[in-house]
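A short worksheet on the structure shown next.
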There are 2 protein chains.
Amino acid sequence: MSEQHIARAFDRDLEAVQSLVLRMGGLVEEAITNAAKALEEGDLELADSVRKGDKQIDRLEHEINEAAARLIALRAPVSADLRLVLAAMRLSAGLERVGDYAKNIAKRTSVLEGTQNVAGTGAALRRMCREVQLMLKDMLDSFVRRDAVLAEKVRQTDQDVDQMYTSLFREFLTFMMEDPRNITPCMHLHFIAKNIERIGDLITNMAEQVIYMVKGETPDTDRVKADLTTKPGADE
Amino acid sequence: MSEQHIARAFDRDLEAVQSLVLRMGGLVEEAITNAAKALEEGDLELADSVRKGDKQIDRLEHEINEAAARLIALRAPVSADLRLVLAAMRLSAGLERVGDYAKNIAKRTSVLEGTQNVAGTGAALRRMCREVQLMLKDMLDSFVRRDAVLAEKVRQTDQDVDQMYTSLFREFLTFMMEDPRNITPCMHLHFIAKNIERIGDLITNMAEQVIYMVKGETPDTDRVKADLTTKPGADE
């Protein structure tokens, strides 16, 4: 009876940690969407709300870490339970970084005001954002459902983001060479593209954490991973 | 007697985790130094050894996580001991990311071969690398010595790295506007500069983990933090 009671208390604590992660994930998803929207529409107010919202995301990371550490100290979980708690901590660290990238994207919205508009890039960046936002959503689902197959799918989707990034990188180079007035905006747009690509990488890492959590081992096949701009000749 | 015996076993485990972190930190320091050297001297062989060495760094992260999880499961540490184990895990995650950045820098060495040389930038990037490498060294020392004051110093040093980055960013813009042949190399050099700046940020995060580990609370003063290129008007 008493043991059952402890077990229930433990499950409750676990669930509390998990729902904090989901809440944090929801805020980060929103931050990505809004950062992309603000950028495309030049909406400085929305950009500002993304910047300010990051504080709340940071607070949640802190809260998750505290709750997880308390849970470990009080309940001494082992094997699968311990992996879940550790995964929650790692996910919160990853989400915090993704939140920072979204904030960085939002920051550049105001820098880009007053520079030359570079045709079509806003929509392309928004498509990239949409892609990583879907990855994030699937990753969070895979965490809740303990679904290693879905997590593996997330991991493989990152290739698409990498490819989108590589093709944008080349576009930026072309724009810059065509017109020197494009140089400054393209440097910033390129940053943004790279930030989104990094968000994809971070979500991929988190998906790998989920796989580890479910299976107790890290994925054995290498992920196809290519920022093709670092390949010699990729810029030609 | 038996309790003392357990205590000693626990200390031994803790020390083992800590020395793994130091070993990993040493490899990452070396990776940064060698990536910078390879870049400045166009040494493709050295760049390649940095890329290959990253596998070893990744393996150590895995080993640290396994050892830390085992330690938590077997010995159920609390308060300061638990904070130390969790700090070791977070440091290893941070070090792994720094290792990735060093690898990325090394990758660009071969891309830059065959592009226009941009005067003086190699030396400037090397100075930035030197700075973050010293930050890393101090951060690892602060971890071993449980020295929150030194960790706080590391945290503040990051400003210098940010300033070096901002001034390089402006230089790159100028070079690109002066001569379109500089555009491609400067895009890559700029990437490298941003990677080093991010390494500084990561080490700062790790220093904050050390402060938390020592004091049981996160630093209360905000770090002066500025990538000034995101300030409106910073590029003029």
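The values are calculated or read from the model by the stated rules, or taken from the named source; none is laboratory data. Everything quoted here is computed from the prediction, not taken from an experiment. Backbone-built Cβ (ideal geometry, glycine too); neighbour counts: all protein chains shown. To get the accessible areas, we keep the full protein, side chains included, count just its heavy atoms, and leave off ligands, DNA and RNA. Shrake-Rupley method; radii C 1.70, N 1.55, O 1.52, S 1.80 Å.
Listing for the model above:
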read-out: Cross-chain or 6+ apart pairs with Cβ under 9 Å, segment B:8-28 first and under 16 Å from B:Arg70 (Cα atoms), then of a type in the set (D, E, K, R) and open to solvent by 10 Å² or more (accessible area, probe 1.4 Å); value: B:Ala9/B:Arg75; B:Phe10/B:Arg75; B:Phe10/B:Asp81; B:Asp13/B:Arg70; B:Asp13/B:Arg75; B:Leu14/B:Arg75; B:Leu14/B:Asp81; B:Leu20/B:Glu63
read-out: Selection status of A:Gly94, open to solvent by less than 20 Å² (accessible area, probe 1.4 Å), over 15 Å from A:Leu14 (Cβ atoms) and in contact (Cβ under 8 Å) with a residue 12 or more places away in the chain; value: yes
read-out: Among the residues listed as B:Glu113, B:Glu45, B:Glu131, the single one being open to solvent by 60 Å² or more (accessible area, probe 1.4 Å), under 26 Å from B:His188 (Cα atoms) and in contact with a Gly (Cβ under 9 Å, 6 or more places away or on another chain); value: B:Glu113
read-out: Which listed residue is more than 18 Å from A:Ser79 (Cβ to Cβ), more than 10 Å from every other protein chain (Cβ to nearest Cβ) and modelled with pLDDT of 85 or more, from B:Ala119, B:Ala67, B:Ala102; value: B:Ala102
read-out: Residue check, B:Val144 in a helix (DSSP H, G or I) and open to solvent by 10 Å² or more (accessible area, probe 1.4 Å); value: yes
read-out: Test: residue in segment A:161-184 that is touching a residue at least 12 places away in the same chain (Cβ under 8 Å), away from every other protein chain (no Cβ under 14 Å) and either closer than 24 Å to B:Ala93 by Cα or crowded, with 24+ Cβ neighbours inside 10 Å (or both); value: yes
read-out: The one condition in (1) open to solvent by 30 Å² or more (accessible area, probe 1.4 Å); (2) over 22 Å from B:Val210 (Cα atoms) that B:Thr121 fails to fulfil; value: (1)
read-out: So B:Glu29, is it buried (at least 17 other Cβ atoms within 10 Å of the Cβ), away from chain A (no Cβ under 13 Å) and touching a helix residue (DSSP H, G or I) at 6+ places or on another chain (Cβ under 7 Å); value: yes
read-out: Of all residues in segment A:185-206 being at the interface with chain B (Cβ under 10 Å from one of its Cβ atoms) and among the hydrophobic types (A, V, I, L, M, F, W, C), the one that is nearest to the chain's Cα centre (by Cα); value: A:Leu202
read-out: Cross-chain or 6+ apart pairs with Cβ under 9 Å, segment B:114-130 first and without any contact (Cβ under 8 Å) to a residue 24 or more places away in the chain, then outside any helix (DSSP H, G or I); value: B:Gly114/A:Pro232; B:Gly114/A:Gly233
read-out: Selection status of B:Ser167, under 30 Å from A:Ala76 (Cβ atoms) and among the hydroxyl-bearing types (Ser, Thr, Tyr); value: no
read-out: Boolean, B:Ala73 is modelled with pLDDT under 90, within 10 Å of another protein chain (Cβ to nearest Cβ), touching a helix residue (DSSP H, G or I) at 6+ places or on another chain (Cβ under 8 Å) and part of a helix (DSSP H, G or I); value: yes
read-out: Residue match in segment B:77-89 (condition: closer than 28 Å to A:Arg75 by Cα and away from chain A (no Cβ under 12 Å)); value: yes
